[in-house]
Amino acid sequence: MATVTSTKRAKLASSPKEKNKVQLVAHHLVSSTKGKQKAKQSTKPVSDDTTLPTSFKVIAGSYEKLLYGFDGSVSLDETNDGYKFELQPIFIFPAHVSCIKAVAASPNGGKWLATGSADEVIKVWDLRRKKEIGGLMHHEGSITQLQFPSRSHLLSASEDGSLCLFHARDWVVLRTLKGHKGRVNSTAVHPSNKVALSVGKDNTLRMWDLMRGKGSASTKLGKEGEVVRWSTTGSSFVVQSQNTIDVFTVDMILRHTITHPSRIHTIRFSNRVNGSGELLLVGAEDKKLSIYDIPDDPEKMPTVIAEMIGHSNRVKAVEILPLALPRSTKANAPLSTIILCTVSSDGKIHVYDLASLPADQKAGSEALQISPVAEYDTKGTRLTCVTIADGEALEHVKSVNGKRKRGDEDSEQEDEDEG
């Protein structure tokens with residue numbers, strides 16, 4: 001079982017000057033987060049959102065340089081009175097000259113896919129046309145992480161100690177962020193898209209002002225941070241190292257330290273499908289994806305409430321995607337769900353339905369075991385990374401002549417991001 005140590009008043013800011021910076025940034029982030037939460041409360045719930053995709057694409061990279069692509073679909077399963085998920089291969093090919101270490105797809109119906117490799121190149125692909133656009137060779141070290149904060153921007157991290165922010169249209173470098181001494185292991189962009197966090201081999205946690213393109217604050221962790229992630233609300237973040245997860249407030253106050261039973265490789269926050277609340281997904285050497293419940297009271301400790309099983313080796317990566325479900329005649333049928341996709345060193349890609357976690361599964365309950373709803377076996381390929389992209393959107397998202405208004409949406413998104 002995981003153990004949690006409460007460390008409520010530990011602070012990481014290194015100096016009075018940096019403390020002031022952190023407090024100022026935290027104030028802006030909390031203000032923007034509250035604004036977003038208020039806006040969300042005045043809009044429709046997620047299950048009524050007609051912009052959710054009805055299908056999805058899964059893209060996975062491997063040590064063997066192979067890039068796997070799948071079309072994912074969901075349909076009504078009349079036999080079992082539920083839903084049927086399927087993965088259909090659409091491409092398998094060597095995408096780089098060295099192992100693939102990172103993949104990312106642009107969100108909200110975007111068309112871009114980015115892959116990063118130990119060959120120091122970021123390749124950009126058009127998912128709609130299944131075509132390579134070109135290579136970005138700005139880094140001088142292996143690519144360690146890729147993330148699209150929005151459809152119009154790509155953030156990369158590298159072993160050369162830098163982060164780069166690209167404009168996802170002409171692919172020019174908008175910002176080069178330098179400060180780490182050595183490899184950057186992980187980055188996380190705040191939901192407001194105003195700041196980013198990064199951790200690296202130099203045992204530091206850094207906060208970056210993406211609007212100005214410079215560092216806001218940095219602090220020594222005392223250990224090498226391997227993964228950093230913001231919560232879905234942006235009110236807290238976590239730093240993973242070996243088998244521990246440190247939970248911080250937005251102003252860098254360490255609240256809890258979770259000790260997982262085995263070595264951790266990937267973590268990701270997600271909302272619940274049934275009921276309200278936030279979850280922390282943890283993939284590790286124990287061949288499972290453990291689900292921690294994050295209590296509404298930040299003083300309370302996160303605990304494991306479920307485990308997603310089925311892999312026969314370490315879980316290397318996990319990604320999530322909200323998905324619209326087919327219309328059912330069944331009373332009170334759900335309109336949407338959240339799918340999870342995991343990849344493992346066993347060569348298998350698993351898809352799980354987060355709706356399998358009941359609303360009453362809380363702390364104190366025996367850990368529920370959840371099996372995959374779809375899987376694909378690569379027959380021994382050592383998978384390293386995964387991303388999920390939107391597939392088709394609902395019919396009424398189309399324009400009058402039946403064509404999608406993605407071009408207009410892209411322009412609007414770019415104008416918004418530029419603003």
The range 347-363: number of residues that are over 19 Å from the mean Cα position of the chain (by Cα) and touching a residue at least 40 places away in the same chain (Cβ under 8 Å): 7
Cross-chain or 6+ apart pairs with Cβ under 7 Å, the range 284-297 first and at positive phi, then open to solvent by 50 Å² or more (accessible area, probe 1.4 Å) and hydroxyl-bearing (S, T, Y): K287/S312
Residue count, the range 143-155 (criterion: open to solvent by less than 10 Å² (accessible area, probe 1.4 Å) and either basic (K, R) or more than 14 Å from the chain's Cα centre (by Cα) (or both)): 2
Test result for T249, over 24 Å from A317 (Cα atoms) and open to solvent by less than 10 Å² (accessible area, probe 1.4 Å): no
Matching residues in the range 266-293 - criterion: being of a type in the set (V, I, T) and buried (at least 23 other Cβ atoms within 10 Å of the Cβ): T266, I267, V282, I291
Subset of the range 82-106 (residues that are surrounded by 18 or more Cβ atoms within 10 Å (Cβ to Cβ) and either under 16 Å from the mean Cα position of the chain (by Cα) or assigned to a strand (DSSP E or B) (or both)): Y83, F85, L87, I100, K101, A102, V103, A104, A105, S106
Subset of the range 317-346 [touching a residue at least 60 places away in the same chain (Cβ under 8 Å) and aliphatic (A, V, I, L, M)]: A317, V318, I320, L321, L323, A324, L325, L335, I338, I339, L340, V343
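The values are calculated or read from the model by the stated rules, or taken from the named source; none is laboratory data. Bear in mind the structure is a predicted one, so any value in this text is a computation, not a measurement. Using ideal geometry, Cβ is built from the backbone for each residue, glycine included, and neighbour counts are taken over all protein chains shown. Heads up: the accessible areas ignore ligands, DNA and RNA and are worked out on the full protein's heavy atoms, side chains in. Shrake-Rupley method; radii C 1.70, N 1.55, O 1.52, S 1.80 Å.
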